[in-house]
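Presented below is the structure to which this report refers.
Here, each number is a calculation from the coordinates, and none is a lab measurement. All values reported here derive from a predicted model rather than from experimental measurement. Positions of Cβ are backbone-derived with ideal geometry, glycine not excepted, and every protein chain shown enters the neighbour counts.
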Amino acid sequence: MLLELKNITKSYGPIQSLRGVNLTLNAGEVLGLVGDNGAGKSTLMKVVSGAVVPDSGEYLLESSPMHFRSPQEARTQRIEMVYQDLSLCDTMDVAKNLFLGREPVRNVAGLRFVDHSTLHSRAQKILDDLKITIPSTKITVKNLSGGQRQAIAIGRAVSFHPKILILDEPTAALAVKEVNEVLELIGRLKAQGVGVILISHRLQDIMQVTDRIMVMYEGQNVAERKTKETTLEDIIRLIVRG
């Protein structure tokens, strides 16, 4: 088992955001996480990624207990999350976005400079490995399409070689062709052994790319289905009725 959460709780004052949630994830598995707004999906994923500290419960990573206090601590265990807003810098090029804060440097006369040649060659390798098609790593991100921007955000997360990758609404507001490209990218990550958790309101995408679906309702996980053994209608019913 790659990841196991047991009886996770989180309250904000009188509001119980998570009420004893359980979750499991295997390596090379895509888990769909669905539920209406306010069901607790985002809070739960922030617990997984270290952005939120739970009030109680167990967090096991490859059977070892974990107690993350920040996303940086989770990153040391190769856990990455791509948020819906992507957090890209529009005025920088593709390569700089992929390596923001981690740019390769070279020393010249005792001074440190960004090694642009190495930066762009490493960036291109990331894109090639993930089969992401971008005309050039020197293109400014603001000039990319929505699907290309999403791919760059995922590529940046993948550059940390994650064991677990959390994607929050990665296909929202994308055209059909771009949606398919992102879903294909998720499939390639799965084939590489990455455990992927996909949050999405686009249930057709969930049905297409996931192995299992977990339904949340009012801060609890109320149902779990193998994707091949359920229907879209069943998942909708569970989301609405809990």
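Condition test on LEU119, is it touching a residue at least 24 places away in the same chain (Cβ under 8 Å), of a type in the set (A, V, I, L, M) and touching a Phe, Trp or Tyr at 6+ places or on another chain (Cβ under 8 Å)? First the steps, then the outcome.
Numbers: touching a residue at least 24 places away in the same chain (Cβ under 8 Å): yes; of a type in the set (A, V, I, L, M): yes; touching a Phe, Trp or Tyr at 6+ places or on another chain (Cβ under 8 Å): yes.
The answer is yes for LEU119.
Among the strands (runs of 3 or more DSSP E) confined to the stretch 176-242, the ones with at least 3 residues that are charged (D, E, K, R) and closer than 17 Å to ASN22 by Cβ are located at 220-226. For the stretch 157-180, residues that are in contact (Cβ under 8 Å) with a residue 60 or more places away in the chain and either in contact with an Asp or Glu (Cβ under 8 Å, 6 or more places away or on another chain) or surrounded by 16 or more Cβ atoms within 10 Å (Cβ to Cβ) (or both) total 13. Is it true that some residue in the stretch 130-144 is part of a helix (DSSP H, G or I) and either acidic (Asp, Glu) or touching a residue at least 24 places away in the same chain (Cβ under 8 Å) (or both)? Yes, because at least one residue in the stretch 130-144 is part of a helix (DSSP H, G or I) and either acidic (Asp, Glu) or touching a residue at least 24 places away in the same chain (Cβ under 8 Å) (or both). Counting only residues that are touching a Lys or Arg at 6+ places or on another chain (Cβ under 7 Å) and not in a loop (DSSP other than H, G, I, E, B), which one in the stretch 11-31 is surrounded by the fewest Cβ atoms within 10 Å (Cβ to Cβ)? Checked the stretch 11-31; the qualifying residue surrounded by the fewest Cβ atoms within 10 Å (Cβ to Cβ) is ASN22.
Quick one: is SER87 in contact (Cβ under 8 Å) with a residue 60 or more places away in the chain, within 17 Å of LEU167 (Cα to Cα), touching a strand residue (DSSP E or B) at 6+ places or on another chain (Cβ under 9 Å) and outside any strand (DSSP E or B)? Criteria not met by SER87.
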